[in-house]
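Chemist: If you scroll down you'll find the structure; I have some questions about it.
All of the numbers you see were taken from the coordinates with simple rules; none came from a lab. Model, not experiment: these values are computed from the prediction. Cβ placement follows ideal geometry from the backbone for every residue including glycine, while neighbour counts extend to all protein chains displayed.
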Amino acid sequence: MKSPFASLAVLYAKSTFGFGMPSRAELREPRKLLKAVGIVIFALFLVADIGFLFVMTNVSLYSALKPIGLQDMLLLNAATSTSVLVFLFGFITALSMWSMSAMEAKFLSMPFKPSQLLGAKMAMVYLTDLLFSVFLLTIAMVVYGIKERPPFMFYVNGLLSAFALPLIPLALSYLLLVPLMSAAKQFRNKNFLLYAGGVAGLVAALGFNAYLQTTMARLNDPEWLTTNLAGPESLMSRIGSAWPPAWLAWKALSSASGVAGFGAALANLALGSGAVICVALTLGGAYTRSVVSFGESTLVRRRATAAFMGKTFAQRPVPVALFLREFRLMNREPMYLLNGPFVPVLMPLILALMYFIQKDAFAELAVGLAPILQGPAAYLIPSAFGAFLGASTSIACTAVSRDAKALPWLRSLPVDPLVYLAGKFLHAEAFALFGALIGALSGGILFGLGAADCALAFLLAVLAASVMNLIGLWLDTAWPRLHWDNPIAALKQNPNAVISILGSMALIGGSGWLSSKLQLPKYGYALFFGGIFALFLAAGALIFPRFARARMERWEA
Amino acid sequence: MIRLSGISKRYGKSATKAVDRLDLEARDGEIFGFLGPNGAGKTTTIKILSGALRADEGTVSIDGIDMAADPLAAKARIGMVGDNPELFNRLKAYEYLNFVADVFRISSEDRKSRIETLSDRFALSDVLGSPIGGFSRGMKQKLCVVASLLSDPSDWVLDEPMVGLDPQAAFDLKETMRERTQAGKCVFFSTHVMEVAEHICDRLAIINKGRILFSGSLDELREFRGRDSKAESLENLFLELVDDENRENRKTDEKGEKDAAARGKA
């Protein structure tokens, strides 16, 4: 019999990481097999993409430090940067997983000790952080291991350190969050928490991006690397010396041949586990009280006055009503807003940050691009950027999935299914216009385009984004995700959203490749691509309605 | 009037039919109760009759309009209260009502007066400007009831409408049902609460494992079960009927298994 704590921790972990693995019988079906292979390839691609950055950083750092005999500083850098990144990641995870609403409310009425409730939640957050910690530290260990051939205990100590590093950040996160959640009323508001978690995540993503961009821009500059990342006076070294888990991890790795290294790894684990246990035991009660009050909802009574009734209840055309419902439901849901329509705002911010950090590299690039920018690329590049932003909102490709819970009711209304989908498409198009405008304008300003070229870039971007929106809507009409427990599953865990984003990248990349092969006059490209996109949209307008009607008949929500 | 003829539905690749050759008729001017244990096929039937789900076989007719031939006209005659009031927590109550009124093309004047009357009746006037997310389950249910009546539908379809309602709201709902039938309209509702069905239904149907076991008035059910006494409760009759049917099904299944085993040995 498992202890209540272990049962709860396993249940939390299953609900968070529970992937529906296909059975052997299912894998015999070609479609299921193809889907599983696709997901595995995509996951590997993602891991390889992020891993590549860290591999390159570690390889460059090692090459820079080896000639001056400071290669062991690579380990301090790995331990410290992992500690810092795991702390940031852990804090955001703890914040965003603070309340799992309905599920948690049920546990509150069960005979769990407060420390078990908090401990199980911390265990789940720890698992998330652990994956990150092992991933980062393993890369540094492998790079160092290949070059220096350390003893076997180096890897054992490294792995133990990877297990230890997320523990103190986890304890500190809850040490900060529990009093905060208990004290401040606005922190008990689910929307506030979702927005705060989202914004903190974005800030961390921007910071992480800045760190990566800065490092990547200076990978060939050994002096900068040693001064900023691994020199005795560098920020990393100072954090490493002041932050005990990082210092212990460094000791565990750098003294792996002796007992001291293993002792440091064990001490790190003991220190971290002790901190986590202390927090779970002392703050369990306060945590439980905050979760109880978190579930409270306040009904604000707002009586509709006569003036309000007269103004508000005016008849509107059905498409307008459907568009407004769709617009309000998506953009008032923080999880949807931050991961969907907010992306065209976030992406330019990341790119602006990249621009300011790598100004020199951009200047060099601009010199290289100068001859090309005399030609069609001047308006094609901004239009590609605008198209990507316009198609990045995941509105169309999750249109039906987001409505899954309401579909039986919606389908009982006297609404033409195509008008329903048109409301969705209009919503996607409103943000496509916004994204295209931002892309075309920012590209236009960067490349010093005239108004006519800017307008052309905008038009092409809108057409391309519309193509992607139509494809996205098509996908979600054909294979909507109709069964989910958490609304975010309809968006972030929706294969249609992934296919749509990758599809828009492929469309833009393919168009770029094609334009490099074509020999057309400057504005011939606009006619060519604009014509193709317009033709696709016209064909879609002819074929999609019949397909959508037939498909919607078969939905079983 | 709602008429279902020979309706069958199988979900996905399931071997079992959720509803099987189902025939039903709910007439104008009557409250028709639709009863059955959990998983019997009540919600599937309601989804099919409201046009939310397509049947594999059979026809649905709403006031003589074939749902398959003219779904928009048929749906325009239905006011629907689904089994899940957790629909649009991010909308304000008036936005939700306005949406429904727009979809049913209700004029500004009509919607204003109906919303005032109905929200007063179901004690929602104070919260029309509030977000639905702050409502209790009962308040959400009442809001769905109000929304379903905005078009003054000739056929009012409710799936488990009493769940979450306080005694006053349940009373008001029953009163509204009765008023609508007195005005010659049809009320079709599913419920687990036998006392409610016993007291307000003019006719009822009992479904189990996707098949209709009985359809008619309560007196006809007593007669069907061979009971003279008027005191015999619907609850007893329902439980006996469903129990007998399940026992019969088990016998058939066991016999089938034995025959199959015998064939295997032979």
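Chemist: Quick one: length gained pulling A:Trp513 to A:Val199 fully straight, 0.36 nm per residue minus the C-alpha distance?
Modeler: Contour length minus Cα-Cα distance gives 109.4 nm.
Chemist: Further question: For the range A:89-176, build the convex hull from the C-alpha positions and give me its volume per residue in Å³.
Modeler: Measuring per residue, one finds 100 Å³ for the Cα hull of the range A:89-176.
Chemist: Relative to a virtual label point 7 Å from the Cα of A:Val320 in the Cα→beta-carbon direction, which members of the range B:84-112 show backbone nitrogen distances below 12 Å?
Modeler: Residues passing the 12 Å test: B:102, B:108.
Chemist: Quick check: Cα centre of the range A:366-426 to Cα centre of the range A:483-507, how many Å?
Modeler: 13
Chemist: Label-point separation (nm) for A:Val300 and B:Asp243, each offset 7 Å from Cα along Cα-to-Cβ?
Modeler: 5.4
Chemist: Now, a different point. Lys and Arg at +1, Asp and Glu at -1: add these up for the other residues within a Cβ distance under 14 Å of A:Ile139 and post the number.
Modeler: 0
Chemist: Another question about this same structure. DSSP beta bridges in the protein assembly as shown, what fraction antiparallel, as a percent rounded to 5?
Modeler: Within the protein assembly as shown, antiparallel bridges account for around 50 percent of the total.
Chemist: Just subtract the alpha-carbon distance of B:Arg250 and B:Phe171 from 0.36 nm times their residue separation and send over the number in nm, one decimal. Walk me through the numbers on the way to the answer.
Modeler: Working: separation 79, 0.36 × 79 = 28.44 nm, distance 3.99 nm.
Extending this stretch completely gives an extra 24.5 nm.
Chemist: When the helices in chain A are scored as -39500 (n - 2.57) per DSSP H run of 4 or longer and the sum is shared across all residues, what 222 nm value do you end up with, to the nearest 500 deg cm²/dmol?
Modeler: About -26000 deg cm²/dmol.
Chemist: Separate question: Using a cut-off of under 19 Å, list every residue of the range A:443-485 whose amide N is near the label point 7 Å from the Cα of A:Ala366 along the Cα-to-beta-carbon line.
Modeler: A:443-451, A:454
Chemist: Turning to a different aspect of this structure: Can you compute the FRET efficiency between A:Leu353 and A:Tyr155 using 1/(1 + (r/R0)^6), with r the Cβ-Cβ distance and R0 = 45 Å? Round to the nearest 0.05.
Modeler: 0.80
Chemist: If you average 1/r over all unlike Cα pairs in the range B:177-266 and invert the result, what Kirkwood radius do you get in angstrom?
Modeler: 15.5
Chemist: Using a/c under 1.5 as the rounded threshold, could you call the protein assembly as shown rounded, prolate or oblate? The axes a ≥ b ≥ c are square roots of the C-alpha gyration tensor eigenvalues, and prolate needs a/b larger than b/c, oblate otherwise.
Modeler: Prolate shape, in that a/c is at least 1.5 and a/b is the bigger ratio.
Chemist: Across 10 Å bins from 0, what is the distribution of all Cα-Cα pair distances for the range A:335-473, in whole percents?
Modeler: So the P(r) values, bin by bin, are 13, 35, 28, 15, 7, 3, 0.
Chemist: Based on the alpha-carbon gyration tensor of the range A:416-510 and its eigenvalue square roots a ≥ b ≥ c, which shape applies: rounded if a/c is under 1.5, prolate if not and a/b is larger than b/c, or oblate?
Modeler: prolate
Chemist: Please compute the length gained on full extension between B:Arg27 and B:Glu179, using 0.36 nm multiplied by the number of residues separating them and subtracting their Cα-Cα distance. Kindly include the intermediate steps, with their values, before the conclusion.
Modeler: Working: separation 152, 0.36 × 152 = 54.72 nm, distance 1.51 nm.
Gain on stretching B:Arg27 to B:Glu179: 53.2 nm.
Chemist: Also: Can you give the % of DSSP beta bridges in chain B that are antiparallel, to the nearest 5?
Modeler: Percent antiparallel among DSSP bridges in chain B is about 50.
Chemist: Right, another one. Can you grab the distance from the C-alpha centre of the range A:515-536 to the C-alpha centre of the range A:1-78, Å, no decimals?
Modeler: Spelled out, the Cα-based centre of one part sits 41 Å from the other.
Chemist: To the nearest 0.05, how large is the calculated FRET efficiency for B:Leu72 and A:Arg546 if R₀ is 22 Å and r is the Cβ-Cβ distance?
Modeler: Taking R0 as 22 Å, the efficiency between B:Leu72 and A:Arg546 is 0.80.
Chemist: With a 10 Å Cβ neighbour count serving as the proxy for reagent exposure, in which order, fewest first, do A:Val419, A:Val276 appear?
Modeler: The most exposed by this proxy come first: A:Val419, A:Val276.
Chemist: With a 10 Å Cβ neighbour count serving as the proxy for reagent exposure, in which order, fewest first, do A:Ser257, B:Ser125 appear?
Modeler: Taking fewest neighbouring Cβ atoms as first place, the list is A:Ser257, B:Ser125.
Chemist: Order of B:Glu254, B:Glu25 from fewest to most other C-beta atoms within 10 Å? Don't jump to the answer; show the numbers that get you there.
Modeler: Details: B:Glu254 10, B:Glu25 16.
Listed from fewest to most nearby Cβ atoms, that is B:Glu254, B:Glu25.
Chemist: I've got another one for you. Starting from the Cα coordinates of the range B:34-143, work out the convex hull volume and express it per residue in Å³.
Modeler: 137
Chemist: For the range A:315-332, in order, what is each residue's ³J(HN,Hα) by Karplus, 6.51 cos²θ - 1.76 cosθ + 1.60 with θ = phi - 60°, in whole Hz (x at glycine and Pro)?
Modeler: 5, 10, x, 4, x, 5, 4, 5, 5, 5, 4, 4, 4, 5, 5, 7, 7, 9
Chemist: Quick one: check the C-alpha center-to-center distance for the range B:170-241 versus the range A:97-170, whole angstrom.
Modeler: Value for the Cα centre distance between the two parts: 58 Å.
Chemist: Something else about it: Relative to a virtual label point 7 Å from the Cα of B:Arg263 in the Cα→beta-carbon direction, which members of the range B:16-59 show backbone nitrogen distances below 20 Å?
Modeler: Under cut-off, by backbone N: B:16-17.
Chemist: Moving to a separate point now. Between A:Val419 and A:Gln493, what FRET efficiency follows from the Cβ-Cβ distance if R0 is 22 Å, with the result rounded to 0.05?
Modeler: 0.15
Chemist: Just add up the charged neighbours of A:Ser383: K/R +1, D/E -1, any other residue whose Cβ is under 15 Å from the Cβ of A:Ser383.
Modeler: Charge balance in the 15 Å sphere: 0.
Chemist: For the range A:107-158, evaluate the Debye formula with one uniform point scatterer on each Cα (no solvent term) and list log10 I(q)/I(0) at q = 0.13, 0.15, 0.22 Å⁻¹, rounded to two decimals.
Modeler: Results for the range A:107-158 at q = 0.13, 0.15, 0.22 Å⁻¹ read -0.51, -0.58, -0.80.
Chemist: Write down the Kirkwood hydrodynamic radius of the range B:103-192, to one decimal in angstroms, obtained as one divided by the mean of 1/r over all alpha carbon pairs.
Modeler: 13.7
Chemist: Compare the Cα positions of A:Phe89, B:Ser119, A:Ala164 along the charge dipole of the protein assembly as shown (+1 at Cβ of Lys, Arg; -1 at Cβ of Asp, Glu; about the Cα centre) and return the one farthest towards the positive end.
Modeler: A:Ala164
Chemist: Continuing with the same structure: Which one, B:Leu173, B:Leu24, B:Leu87, has the greatest fluctuation when you compute a Gaussian network model over chain B with C-alpha springs under 10 angstrom?
Modeler: B:Leu87
Chemist: Let me ask something additional. Just B:Lys47, B:Lys75, B:Lys112 to compare: in a GNM of chain B, with alpha carbon springs under 10 Å, which one fluctuates most?
Modeler: B:Lys112
Chemist: Compactness ratio of the range A:457-557: Cα Rg over 2.2 N^0.38 Å, N = residue count?
Modeler: Taking N as the residue count of the range A:457-557, the ratio is 1.29.
Chemist: Another question, then. For peptide B:67-73, compute the average count of partner chain beta-carbon atoms within 10 Å of each residue's beta-carbon.
Modeler: Mean inter-chain Cβ contacts per residue within 10 Å come to 2.
Chemist: Along the Cα→Cβ direction, 7 angstrom out, place labels at B:Ser5 and B:Ser217. What is the inter-label distance in nm?
Modeler: So the two model labels end up 2.6 nm from each other.
Chemist: Now for a separate question. Between B:Glu57 and A:Ala242, with labels modelled 7 Å along Cα→Cβ, what's the label distance in nm to one decimal, could you check?
Modeler: So the label points at B:Glu57 and A:Ala242 sit 7.8 nm apart.
Chemist: Give me the Debye-computed log₁₀ of I(q)/I(0) at q = 0.10, 0.14 Å⁻¹ for chain B, equal point scatterers on Cα only, no solvent, two decimals.
Modeler: So the normalised log intensities are -0.55, -1.00.
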